[in-house]
1. For segment 87-102, give me each residue that is at negative phi and not in a helix (DSSP H, G or I).
2. What number of residues within segment 273-297 satisfy the criterion of being farther than 22 Å from Ala95 by Cα, open to solvent by 30 Å² or more (accessible area, probe 1.4 Å) and not charged (D, E, K, R)?
3. If Thr93 meets every condition in (1) modelled with pLDDT under 90; (2) open to solvent by 50 Å² or more (accessible area, probe 1.4 Å); (3) not hydrophobic (A, V, I, L, M, F, W, C) apart from one, which number is that one?
4. Could you tell me whether segment 264-276 includes any residue that is modelled with pLDDT under 75, within 30 Å of Lys2 (Cα to Cα) and part of a helix (DSSP H, G or I)?
5. Looking at Val218, Val251, which one is farther than 27 Å from Lys302 by Cα and modelled with pLDDT of 70 or more?
6. Would you mind telling me which numbered condition in (1) open to solvent by less than 80 Å² (accessible area, probe 1.4 Å); (2) at pLDDT 70 or above; (3) not hydrophobic (A, V, I, L, M, F, W, C) Gln234 fails?
Amino acid sequence: MKQVTLRAFCVQPSDLFQSDRDLFLKLKDKLKEHERVTSRRMRLSSNTNEEDVLAYYDEPLKEHNSVFCTIVRIVLGNMPKISSALLDKKSFTLADLKAEDLDVSALYKSDYSFRVSNNFIVTNLPSNFTISRLQTYLNWFLDDYYDISPLIDVEQARRAADIRSITIQDPIYGELKQDNSKNWLLKNIGIPAVKKLFNETKAMRDLELESIISAKLVLEIDKPNRKNSAAIQQFYSAFFKPIADIDNIVVTTRDNQKILKGKDLLRTKIVEIDTDDFGNIIDQNLSQEMQKFILELENDKKKYYLA
């Protein structure tokens, strides 16, 4: 058995004036149109041979309006190459790659799975990656735009009205950009200002400030209207979306006694997943646990102002 953290996200419709959410329906139709794996390959950029590939999906659950998928990041431009026969299949797994008698370590970078309904997405995408990785792929594949944002825990949202400040500390960064640019650190923003402030002080100029200065950003929150819970949820959902390292966010309430980590505000679920003899998680077990989570969210969607 292996513990897996499932993260929950809310899907906003492509048309802001559209009342019905249709992500599952569009994805289901698109998968019918693109039955071969090779037609679901998204190259990350012109400067890399890495691609995100929707390598596997199960049959959409009509009775629950959801579908389970797996996206694999692989390198397809270098030798050894994956056979065209594998890419022409409806789907493939990591086991299929190994069966190709290839150096999998040279091809395979990472993978994650997700389950989509019209209202929600549940995924095991590691918490040090933002949801933009999945949002970018889905919008490319569907040739549409959907905004996918973290779901705020309903119980914690009630406490969110009492938040006094949010402190962001280094290290805090999103995932690496596709152009291999460096991660952003708060101190990289602050140190140039400190150097400029003490420019005429030789002793300060000679110091290696990077090694002795840390940085934090404190956001003071005005007391919101408690009655507008939907707006509160939307604010914190948008705030946490671009941040990967949420463990370095500290939330302080107005009574100065309750201090939360940023991750405590987000809707997650820890599940136990069976593994095979090699320690790999069983996909069908993961799919079923994601389906249970999706059903929980759908049953509570009124709490998330989605009904």
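The values are calculated or read from the model by the stated rules, or taken from the named source; none is laboratory data. Values in this document were obtained by computation on a predicted structure and should not be read as measured data. In case anyone asks, the SASA skips ligands and DNA or RNA and just uses the protein heavy atoms, side chains included. Shrake-Rupley method; radii C 1.70, N 1.55, O 1.52, S 1.80 Å.
1. Those that are at negative phi and not in a helix (DSSP H, G or I): Asp88, Lys89, Lys90, Ser91, Phe92, Thr93, Glu100, Leu102.
2. Final tally of qualifying residues: 1.
3. Among (1) modelled with pLDDT under 90; (2) open to solvent by 50 Å² or more (accessible area, probe 1.4 Å); (3) not hydrophobic (A, V, I, L, M, F, W, C), the lone unmet condition for Thr93 is (2).
4. no
5. So the residue among Val218, Val251 that is farther than 27 Å from Lys302 by Cα and modelled with pLDDT of 70 or more is Val218.
6. Every condition holds for Gln234 apart from (1).
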